[in-house]
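*Asks:* Handing you this structure, nothing more for now.
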Amino acid sequence: MSEVASDKQAIDVVVLDVRASCSFADYFVVCTGESDRQLEAIWEAILEALKEHDIRPLHKEGPSGSGWLLADFGAVVIHIFAPAEREFYQLEQLWKDAVPVLHIQ
């Protein structure tokens, strides 16, 4: 999914292996979009790419304009942030024991 986000010009795309410190997921994908429109484009592209493989989210959160969209696919949780929300919530710091698997600036 990092490739799909990157294709939609997401910035600071990070894949974190959280298996050692998280009981509800194996990986987090975290990325930033610079506008509400871009957040929606990243969101739709990821959901569509996974739907093509018959993979649908177990849970989705974050209405348009909220600055944080989340899709829970079980083993993988995708977080799409606006810059201010990503800075505020600092998931990479919250899950600092996670192992970075991929980082695309």
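*Asks:* Quick check: anything in segment 19-29 hydroxyl-bearing (Ser, Thr, Tyr) and buried (at least 20 other Cβ atoms within 10 Å of the Cβ)?
*Replies:* Filtering segment 19-29 for residues hydroxyl-bearing (Ser, Thr, Tyr) gives 21, 23, 27.
Remaining after also requiring buried (at least 20 other Cβ atoms within 10 Å of the Cβ): 27.
Within segment 19-29 (the criterion being hydroxyl-bearing (Ser, Thr, Tyr) and buried (at least 20 other Cβ atoms within 10 Å of the Cβ)), the answer is yes, since at least one residue qualifies.
*Asks:* Can you name every residue in segment 1-15 that is in a helix (DSSP H, G or I) and of a type in the set (S, T, N, Q)?
*Replies:* Narrowing segment 1-15 to residues in a helix (DSSP H, G or I): 2-7.
Passing the criteria: 2, 6.
*Asks:* Out of all the residues in segment 50-94, which are more than 16 Å from residue 30 (Cβ to Cβ), surrounded by fewer than 18 Cβ atoms within 10 Å (Cβ to Cβ) and out of contact with any strand residue (DSSP E or B) (no Cβ under 8 Å at 6 or more places or on another chain)?
*Replies:* Those that are more than 16 Å from residue 30 (Cβ to Cβ), surrounded by fewer than 18 Cβ atoms within 10 Å (Cβ to Cβ) and out of contact with any strand residue (DSSP E or B) (no Cβ under 8 Å at 6 or more places or on another chain): 51, 52, 53, 54, 55, 56, 63, 64, 65, 74.
*Asks:* Quickly run through segment 52-102 and pick out the residues that are acidic (Asp, Glu) and in contact (Cβ under 8 Å) with a residue 12 or more places away in the chain.
*Replies:* 72, 85, 92, 97
Read-outs: derived from the displayed coordinates by stated rules, not from any lab. None of these values were measured; they are calculated from a predicted model. Every residue, glycine among them, receives a Cβ derived from its backbone with ideal geometry; neighbour counts consider all protein chains shown.
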